[in-house]
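Following: one structure in structure tokens, then a few remarks.
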Amino acid sequence: LDQIQEDGINALVILPLYPQFSISTSGSSLRVLQEEFAKRSDLYGPQKMFHTVIPSWYDRPGYVKSVANLIQKELDSFTPEEIQEGTSDTQPIPKHILFSAHGVPASYIEAGDPYKSQIIDCVERIKALLPTEDEGVKVHLSFQSRVGPVEWLRPYTDDVLPSLGEQGVKNLVVVPISFVSEHIETLEEIDIEYRELALENGITNWRRSPALNTDTTFIDDMADMVADALNEPSQSITEACVANNVGNLELEFASEEMEINSAGVGGVGFDDDLAGSARRKTSKR
């Protein structure tokens, strides 16, 4: 924000780098920004600074196509020998895709968080661009990165992998669907922990679709998205929060640790104020 002021900028497109909206990611970030704007209305009030928010963009054709292209590349990498190995009387489909999304506590969804429905819709859009089951590819969805004792979105990735192994799956492409860049939850949790779990359960031919990172189609679509936002009716931070039920959770930014967790770096839902507020709010219903 200081740099924005130094550069004399008077119009902002606020674009969270989370394709799907969640109260715990985009929502928490927008609330922090909302508080900063409220503190300095002399700098960021409507007469001083125009802004518009893009709350989610998982349905952008460019994003969907970029992810599908990366998955297809991994599907094409299976050799004839691996395809033969992955085909049996008990498992007639030789190739499988597991979309592993970052989880959130189930209480968030009960409070109106649109994240789960957006993840499901996103996967269906990508699936439509990929081979069908009749063409030898089956799609699965799971959720990862849960912490603490509360119930998170199911099915859990570390439950699904053993189940796929029991079903005779040998060829698997894992897709980090809610992540647009590589970080600890792709490079460590998926590439090391989940890969080991898959191998232990007989999934011998492991592939992992890379995050989008600087994929050209993805970056071009991001640029188009910003330009489009400037030519469409604006949506303020407050409007974006209300439209996505952020107010249904009594967000309390009590500590730096909580803010990091709610952004998905260390996971959310353990014993931070955000999860506690969700439990308190839904328990009143």
### Summary
Taking placed amide H atoms and a strict 5 Å upper bound, the residues 5 or more places from Ile97 or on another chain that come that close are Lys138, Val139, His140, Val173
### Task
Calculate the dipole size of the chain relative to its Cα centre from +1 charges on Lys and Arg beta carbons and -1 charges on Asp and Glu beta carbons; express the result in debye to the nearest 20.
780
### Task
Figure the gain on full extension for Gln3 and Leu230 (residue separation times 0.36 nm, minus the Cα-Cα span) and round it to one decimal in nm.
79.6 nm
### Query
Taking springs between alpha-carbon atoms closer than 10 angstrom, which of Gln34, Gln118, Gln144 fluctuates most in the Gaussian network model of the chain?
Gln34
### Task
Measure nothing but the geometry: give the 0 to 90° angle between the long axis through the Cα atoms of 273-283 and the longest principal axis through the Cα atoms of the chain, rounded to 10°.
90
### Task
Starting from the residue with the highest accessible area, list Tyr18, Tyr58 in decreasing order, probe 1.4 Å.
Tyr18, Tyr58
### Query
Label-point separation (nm) for Ile192 and Glu239, each offset 7 Å from Cα along Cα-to-Cβ?
4.5
### Message
Over the chain, what is the relative contact order in percent, taking alpha-carbon pairs closer than 8 angstrom and at least six residues apart?
### Response
27
## Note on the structure
For Glu166 and Glu182, extending 7 Å from Cα along the Cα-Cβ vector and measuring point to point gives, in nm, a value of 3.4
### Query
Could you work out the helix-only [θ] at 222 nm for the chain, with each DSSP H run of four or more residues adding -39,500 (n - 2.57) and the total divided by the number of residues, to the nearest 500 deg cm²/dmol?
-11500 deg cm²/dmol
### Message
If I stretch the segment between Val13 and Leu199 completely, what's the gain in nm (0.36 nm per residue apart, minus their alpha carbon distance), one decimal?
### Response
62.5 nm
### Message
Could you order the peptides 125-138, 35-48, 195-208 from most to least packed, using the average number of other C-beta atoms within 10 Å per residue?
### Response
195-208, 125-138, 35-48
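The values are calculated or read from the model by the stated rules, or taken from the named source; none is laboratory data. It should be emphasised that the depicted structure is a prediction, and the values quoted were computed from it without experimental measurement. For neighbour counting, all protein chains shown are included, and Cβ atoms are generated from backbone atoms with ideal geometry for every residue, glycine included. Heads up: the accessible areas ignore ligands, DNA and RNA and are worked out on the full protein's heavy atoms, side chains in. Shrake-Rupley method; radii C 1.70, N 1.55, O 1.52, S 1.80 Å.
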